[in-house]
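Input: a single structure, listed below in structure tokens.
Here, each number is a calculation from the coordinates, and none is a lab measurement. A quick note: this is a predicted structure, and the numbers were derived from the prediction, not measured. Here Cβ is always computed from backbone atoms with ideal geometry, including for glycine, and neighbour counts include all displayed protein chains.
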Amino acid sequence: MQTPGCMGCDMFDTMVFTKLVGAFCGALLVFLLGQWAASELYTVGRAGDEQAYVIAMPDEDDDDVEEEEDEMSFEERLASADPDAGSGLWSECRACHALDEGSHGVGPSMYQVVGREIGAIDDFSYSGALPEGEWTPEELSAFIENPSDYAPGTSMSYGGLDDMGERADLIAYMHVESGGDMEEFEVAEAERTEEEDDEDEREEDEAREEDDDDDAESEFAQLVAAQDPSDGQSLWNQCRACHALEDGQNRVGPHLYQLIDREVDSVDGFNYSGALSEVADVWDYDSLSAFIENPRSYAPGTSMAYGGMGSEEDRAKLIAYIEAEGQ
């Protein structure tokens, strides 16, 4: 026979165990219900299901188009403008302007505005703020972009159109609606591009020629600059019988005072043969070197009897001495 105290202990153990099992089952049920609810709300997707909604993401192709348009000039964009797209933009203008000839609103008619003289409509009273000239597509674009900046004091209250492509479409619409042809813009752009290409080619050719000349000259100029002028003194002995390095001291040949960059045949009081003026304008390092190397070959008909100096280094030493002493 159990005592009452032992029976209480058994009952207590059973109740505790039951409560623990119940708590575990309840927690498990809550967990399973939460997992089911989450799967219904945030499902990644199942085969055959339709996507509830789409989050818009930036389109790389759109970015490329915008970047390409940013790099285009207005003339290039106008050549590919869409008049149909410009018709929607015209709704911002039609409250003040008309596209019919002679029909004015708050603003003048836009009929055949492309190519028209600025402020040229006789029966419309302009504010006087507009500049003189012609409404070229470029001028129209600048005005439409920001009227108050383009023509300070203008009575046009329009705030402007920032997008270059939209301005091109709007101008194309006004032009086509006035009886114009988009081909005019395409031809103008083609001619402009051809002219620019020709100009670029000319500039490249000129730059190339200048570079070639500079490189050829600088090569020998660097050689002269690298010399010790005193090393050319002994070489000068071949020249001193006919030339002097003092200003105004002419002998058989003219003085060589300040010879570099001096005009050929420019010494007053000396009678030149005239042969040098046919081959050179000024005495630079290269022309002087070529003359000293072989006077008769460089300037046929010259009265200079010197036989020439074949060594380029010797010529550089001699010219460095002449330049240093003839200052």
Under a point-charge model restricted to the Cβ atoms of Lys and Arg (+1) and Asp and Glu (-1), what is the dipole moment magnitude of the range 61-185 relative to its Cα centre, in debye to the nearest 20?
1140 debye
Sequence of Thr154, Thr193 once ranked by neighbouring C-beta atoms within 10 Å, starting from the fewest:
Thr193, Thr154
Determine, for Phe143, Phe31, the number of other Cβ atoms within 10 Å of each Cβ, and report the residues in order from fewest to most.
Phe31, Phe143
Sort Met182, Met174, Met15 so the one with the fewest other Cβ atoms within 10 Å of its own Cβ comes first.
Met15, Met182, Met174
To the nearest 0.05, how large is the calculated FRET efficiency for Glu204 and Glu117 if R₀ is 41 Å and r is the Cβ-Cβ distance?
0.60
Nearest-20 debye value, the range 229-325 charge dipole, Cβ charges on Lys, Arg, Asp, Glu:
440 debye
A chain fully extended from Glu145 to Val106 at 0.36 nm per residue, minus the present Cα-Cα distance, gains in nm 12.1 nm
